[in-house]
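Heads up: the structure comes next, in structure tokens.
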Amino acid sequence: MRPISFYLFYLAVALFVLPACATTKPEGMDQPLTVANLTPGQEEITENKEPKVLEAPTLEEKWGIRILGIRQSANGYMLDFRYQVLEPEKASLLMNRKEKPYVIDQTSGAKFMVPNMPKVGPLRQTSLKPLAGRNYFILFANPGKFVKPGNMVTVVIGDFRKENLAVE
């Protein structure tokens, strides 16, 4: 009687090695298919054929900004959101004073607004004509240090919405 490992070895060879060795081509497949020898209804076969997927416009293409990050500031009682303007025309939509930006903590769903100080006003930069290459900020209230570093948040400014930002 032979040990079980003997049979397992031959089973592994039969399942994995033999199918990999079978490289027979179907009849009439001596040359690769090209557009010249295709029959109607047949597609061209290439080795690296990948489906073409239409990609959604990136944040930079759609809004004209690059997000630099969001981090705690003021000893954890504020969230400091920073971004750089790349295309002033598109980015001006984010700086509209009528839009009320807020942050959503993704684990709890809690909303955090921009504080409006009596003498200073909202703690965010607004500009009629933003400048390309300049960094801008928005400060959000974080009462009780609710949002901690590592939490995932969503920043919303009017129609702009950026999800899955990690707080630093």
*asked:* Residues that are surrounded by fewer than 13 Cβ atoms within 10 Å (Cβ to Cβ), among the polar types (S, T, N, Q), under 24 Å from the mean Cα position of the chain (by Cα) and not in a strand (DSSP E or B): does region 149-158 have at least one?
replied: no
*Hey, could you check region 95-107 for residues that are assigned to a loop (DSSP other than H, G, I, E, B) and in contact with a strand residue (DSSP E or B) (Cβ under 6 Å, 6 or more places away or on another chain) and say which is modelled with the lowest pLDDT?*
Glu99
*Using beta carbons and a limit of 8 Å, which pairs, at least six apart or on different chains, have the first residue in region 115-134 and more than 20 Å from Ile67 (Cβ to Cβ) and the second one of a type in the set (S, T, N, Q)?*
Leu128/Ser92; Lys129/Ser92
*If we keep just the residues of region 87-100 that are of a type outside the set (Lys, Arg) and in contact with a Phe, Trp or Tyr (Cβ under 9 Å, 6 or more places away or on another chain), which is farthest from Arg161 (Cα to Cα)?*
Glu87
*Since Lys100 meets every condition but one in (1) without any contact (Cβ under 8 Å) to a residue 40 or more places away in the chain; (2) touching a Lys or Arg at 6+ places or on another chain (Cβ under 7 Å), which condition does it not meet?*
(2)
*Test Lys98 against the criterion of being exposed (fewer than 13 other Cβ atoms within 10 Å of the Cβ) and touching a helix residue (DSSP H, G or I) at 6+ places or on another chain (Cβ under 8 Å), and give yes or no.*
no
_Of the conditions (1) modelled with pLDDT of 60 or more; (2) in a loop (DSSP other than H, G, I, E, B), Glu61 satisfies every one except a single condition; which number is it?_
(2)
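One line per residue, one yes/no per condition, for (1) in contact with a strand residue (DSSP E or B) (Cβ under 9 Å, 6 or more places away or on another chain); (2) outside any loop (DSSP other than H, G, I, E, B):
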{"site": "Gln84", "(1), (2)": "yes, yes"}
{"site": "Leu93", "(1), (2)": "yes, no"}
{"site": "Gly109", "(1), (2)": "no, no"}
{"site": "Phe112", "(1), (2)": "yes, yes"}
{"site": "Phe137", "(1), (2)": "yes, yes"}
{"site": "Gly144", "(1), (2)": "no, yes"}
{"site": "Arg161", "(1), (2)": "yes, yes"}
*Would a scan of region 82-89 turn up a residue that is of a type in the set (D, E, K, R) and crowded, with 16+ Cβ neighbours inside 10 Å?*
no
*If you scan region 114-134, which residues turn out to be loosely packed, with under 12 Cβ neighbours inside 10 Å and either touching a strand residue (DSSP E or B) at 6+ places or on another chain (Cβ under 9 Å) or not in a loop (DSSP other than H, G, I, E, B) (or both)?*
Met117, Leu131, Gly133
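The values are calculated or read from the model by the stated rules, or taken from the named source; none is laboratory data. This is a predicted model, so every value here is computed, not measured. Don't worry about glycine lacking a Cβ; one is built from the backbone with ideal geometry, like all the others, and counts go over all protein chains shown.
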